[in-house]
Amino acid sequence: MPKRESVLTICIFLLLIAGTVSAVPNLDRRLDKGGVGLKLGVFHSTTMYIKSRHADFLEAEYTWKAGFNGGPFFDVRLGRGNFISVAVELHDVQLMNDREKLLDINLGYKTTIFIRHKRLAYRPGFALGYGYISKVGFIEKVNLMTARAFVEMVFLSHPKYSYLVEFSVGMLPTGSGSLYDVSSNPYVMLRGGVVL
């Protein structure tokens, strides 16, 4: 992965962590009790790097085409406005002319840093996870590390549920299978959802 993109990703993580210093003292109870929700959205194309474990095959670049992703998440209250989030997500993976799903089980942290008139909350966070692709193109049974930095905008428009919009930057820092090592450049995601 190019050095500039690695540095950019690390800076985003650090900024999100630094934002927790300004946590909001007065929170709507809907945002301070945790909950369950669902996110669905799209991600932008990126470059996937595939390297054979055999010395006669150098690293090659392939385009991971834009697609859909999403899944359920569970927020567990860690403290005032702070949550541990567990998510199970499926990402559409299309390399060359083959298509498969990447299973991503991740564990993250999110905090509430701003509420405007108790109607809109911003919740930045980050997540690390385990990903798995059974087979796509010529690679198969690959175990991956997934990483994501995100900001959720939660709209408190209803007493029993809330809508949210998420902007995030994700990547596959490392991954390996029986024959190939896999990683990716960062990719951008835009998703919408609901939290109960």
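Scanning region 131-155 for residues that are touching a Ser or Thr at 6+ places or on another chain (Cβ under 7 Å) and either surrounded by fewer than 15 Cβ atoms within 10 Å (Cβ to Cβ) or among the polar types (S, T, N, Q) (or both) gives GLU140, LYS141, ASN143, PHE155.
Would you mind stating whether LEU95 is in contact with a strand residue (DSSP E or B) (Cβ under 8 Å, 6 or more places away or on another chain), at pLDDT below 95 and not charged (D, E, K, R)? Quick ask: steps written out before the conclusion?
Numbers: in contact with a strand residue (DSSP E or B) (Cβ under 8 Å, 6 or more places away or on another chain): yes; at pLDDT below 95: yes; not charged (D, E, K, R): yes.
It is true that LEU95 is in contact with a strand residue (DSSP E or B) (Cβ under 8 Å, 6 or more places away or on another chain), at pLDDT below 95 and not charged (D, E, K, R).
Take region 100-119 and flag every residue that is farther than 18 Å from SER168 by Cα and free of Cβ contacts under 8 Å to residues at least 40 places away in the same chain. Hits for region 100-119 are GLU100, LYS101, ARG116, HIS117, ARG119.
Results for (1) β-branched (Val, Ile, Thr); (2) under 18 Å from LEU40 (Cα atoms), shown as yes or no for each residue.
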site	(1), (2)
ARG99	no, no
ILE105	yes, yes
ILE133	yes, no
MET153	no, yes
ASP181	no, no
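Can you tell me which residue within region 156-190, out of those that are under 14 Å from the mean Cα position of the chain (by Cα) and outside any strand (DSSP E or B), is surrounded by the fewest Cβ atoms within 10 Å (Cβ to Cβ)? Show your work before the answer.
Filtering region 156-190 for residues under 14 Å from the mean Cα position of the chain (by Cα) gives 165-173, 184-190.
This time we only want the ones that are outside any strand (DSSP E or B), so: 185-186.
On the way: ASN185: 18, PRO186: 21.
Among residues in region 156-190 that are under 14 Å from the mean Cα position of the chain (by Cα) and outside any strand (DSSP E or B), the one surrounded by the fewest Cβ atoms within 10 Å (Cβ to Cβ) is ASN185.
With respect to being under 16 Å from PHE74 (Cα atoms), in contact with a strand residue (DSSP E or B) (Cβ under 6 Å, 6 or more places away or on another chain) and assigned to a strand (DSSP E or B), GLY193 fits the description. Among the residues of region 154-188, the ones that are more than 17 Å from LEU95 (Cβ to Cβ), touching a residue at least 40 places away in the same chain (Cβ under 8 Å) and hydrophobic (A, V, I, L, M, F, W, C) come to 5 in all. If the condition is being more than 12 Å from the chain's Cα centre (by Cα), of a type outside the set (Phe, Trp, Tyr) and surrounded by fewer than 16 Cβ atoms within 10 Å (Cβ to Cβ), then region 85-122 contributes MET96, ASN97, ASP98, ARG99, ARG116, HIS117, LYS118, ARG119, LEU120.
The values are calculated or read from the model by the stated rules, or taken from the named source; none is laboratory data. Computed from a predicted structure; not experimentally measured. Methodologically, a virtual Cβ is constructed for each residue, glycine included, from the backbone with ideal geometry; neighbour enumeration extends over all protein chains shown.
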